[in-house]
Amino acid sequence: MKVFIVEDDPIIVEGLTIALSGEGYEVSSFDNMTDAIEEINSEAHYDVCLLDVNLPDGDGFRVCKAIRAKSDVPVIFLTACDDEI
(Lines give C-alpha, C1' and ligand atoms only; values in the text may rest on other atoms or scores of the structure.)
Protein backbone atom coordinates (compact mmCIF):
# COMPACT_ATOMS: atom_id res chain seq x y z
CA MET A 1 0.00 0.00 0.00
CA LYS A 2 1.39 3.41 -1.00
CA VAL A 3 0.91 6.50 1.16
CA PHE A 4 1.29 10.06 -0.16
CA ILE A 5 2.21 12.62 2.52
CA VAL A 6 2.29 16.38 2.03
CA GLU A 7 3.67 17.98 5.18
CA ASP A 8 6.24 20.75 5.67
CA ASP A 9 7.29 19.83 9.20
CA PRO A 10 10.20 17.35 8.92
CA ILE A 11 9.64 16.00 12.44
CA ILE A 12 6.04 15.07 11.64
CA VAL A 13 7.10 13.54 8.32
CA GLU A 14 9.81 11.49 10.02
CA GLY A 15 7.40 10.18 12.67
CA LEU A 16 4.74 9.27 10.12
CA THR A 17 7.29 7.65 7.82
CA ILE A 18 8.79 5.53 10.60
CA ALA A 19 5.38 4.44 11.86
CA LEU A 20 3.90 3.68 8.44
CA SER A 21 7.02 2.03 7.02
CA GLY A 22 7.19 -0.15 10.12
CA GLU A 23 3.73 -1.42 9.28
CA GLY A 24 4.74 -2.23 5.70
CA TYR A 25 3.48 0.87 3.91
CA GLU A 26 5.49 2.52 1.13
CA VAL A 27 5.70 6.25 1.91
CA SER A 28 6.37 9.18 -0.44
CA SER A 29 6.51 12.61 1.15
CA PHE A 30 6.57 16.16 -0.18
CA ASP A 31 7.09 19.37 1.78
CA ASN A 32 5.31 21.84 -0.48
CA MET A 33 2.27 22.19 -2.69
CA THR A 34 4.16 22.64 -5.97
CA ASP A 35 6.11 19.38 -5.72
CA ALA A 36 3.04 17.51 -4.49
CA ILE A 37 0.91 18.63 -7.44
CA GLU A 38 3.74 17.79 -9.84
CA GLU A 39 3.79 14.25 -8.39
CA ILE A 40 0.01 13.98 -8.74
CA ASN A 41 0.24 15.04 -12.37
CA SER A 42 2.95 12.42 -13.03
CA GLU A 43 0.26 9.72 -12.96
CA ALA A 44 1.68 8.13 -9.80
CA HIS A 45 -0.80 5.92 -7.92
CA TYR A 46 -1.35 6.10 -4.16
CA ASP A 47 -3.77 4.27 -1.88
CA VAL A 48 -4.22 7.06 0.65
CA CYS A 49 -3.15 10.72 0.94
CA LEU A 50 -2.27 12.55 4.14
CA LEU A 51 -2.30 16.32 3.65
CA ASP A 52 -1.29 19.24 5.84
CA VAL A 53 -3.57 22.27 5.56
CA ASN A 54 -0.85 24.94 5.79
CA LEU A 55 2.04 24.64 3.34
CA PRO A 56 4.80 27.15 2.56
CA ASP A 57 3.59 27.80 -1.00
CA GLY A 58 -0.15 27.17 -0.69
CA ASP A 59 -2.44 24.82 1.15
CA GLY A 60 -3.57 21.23 1.31
CA PHE A 61 -7.00 22.11 -0.06
CA ARG A 62 -5.45 22.98 -3.44
CA VAL A 63 -3.51 19.70 -3.36
CA CYS A 64 -6.75 17.87 -2.59
CA LYS A 65 -8.46 19.59 -5.52
CA ALA A 66 -5.65 18.38 -7.83
CA ILE A 67 -5.99 14.86 -6.42
CA ARG A 68 -9.76 14.88 -6.92
CA ALA A 69 -9.35 15.94 -10.56
CA LYS A 70 -7.56 12.61 -11.17
CA SER A 71 -8.65 10.15 -8.50
CA ASP A 72 -11.08 9.26 -5.73
CA VAL A 73 -8.28 8.04 -3.44
CA PRO A 74 -9.04 8.62 0.28
CA VAL A 75 -7.67 11.91 1.62
CA ILE A 76 -7.01 12.63 5.29
CA PHE A 77 -6.11 16.13 6.47
CA LEU A 78 -3.57 16.30 9.29
CA THR A 79 -2.66 19.68 10.67
CA ALA A 80 -1.09 21.08 13.80
CA CYS A 81 -1.51 24.50 15.31
CA ASP A 82 0.53 25.68 18.25
CA ASP A 83 -1.20 29.04 18.67
CA GLU A 84 -2.89 29.79 21.97
CA ILE A 85 -6.30 31.36 21.82
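Could you pull out the GluC sites (Glu not before Pro) across the range 7-85 that fall in loop regions by DSSP (anything but H, G, I, E, B) with no more than 13 other Cβ atoms inside 10 Å? Can you show the working numbers first?
Working: sites: GLU7, GLU14, GLU23, GLU26, GLU38, GLU39, GLU43, GLU84; in loops: GLU7, GLU23, GLU43, GLU84.
Hits after loop and neighbour filter: GLU23, GLU43, GLU84.
Report in % the part of the accessible area of the chain that belongs to carbon and sulfur, leaving out ligands and nucleic acids; probe 1.4 Å.
On the way: 2840 of 5410 Å².
C and S fraction of accessible area: 53 percent.
With the cut-off at under 14 Å, measuring from each backbone N in the range 29-71 to a point 7 Å along the Cα-to-Cβ line of GLU23 picks out 47-50.
Over all other residues within a Cβ to Cβ distance under 15 Å of ALA66, the charged ones net out to -4, with Lys and Arg as +1 and Asp and Glu as -1. Computed over the chain, relative contact order equals 32 percent, with contacts defined as Cα pairs under 8 Å that lie 6+ residues apart. Surface exposure of the chain, expressed per residue as accessible area with a 1.4 Å probe, stands at 64 Å².
The values are calculated or read from the model by the stated rules, or taken from the named source; none is laboratory data. Keep in mind it's a predicted model, so treat the numbers as computed, not measured. Please note: Cβ atoms are built from the backbone with ideal geometry, for glycine as well, and neighbour counts cover all protein chains shown. For the accessible areas, the whole protein counts, side chains as well, though only heavy atoms, and no ligand, DNA or RNA atoms are used. Shrake-Rupley method; radii C 1.70, N 1.55, O 1.52, S 1.80 Å.
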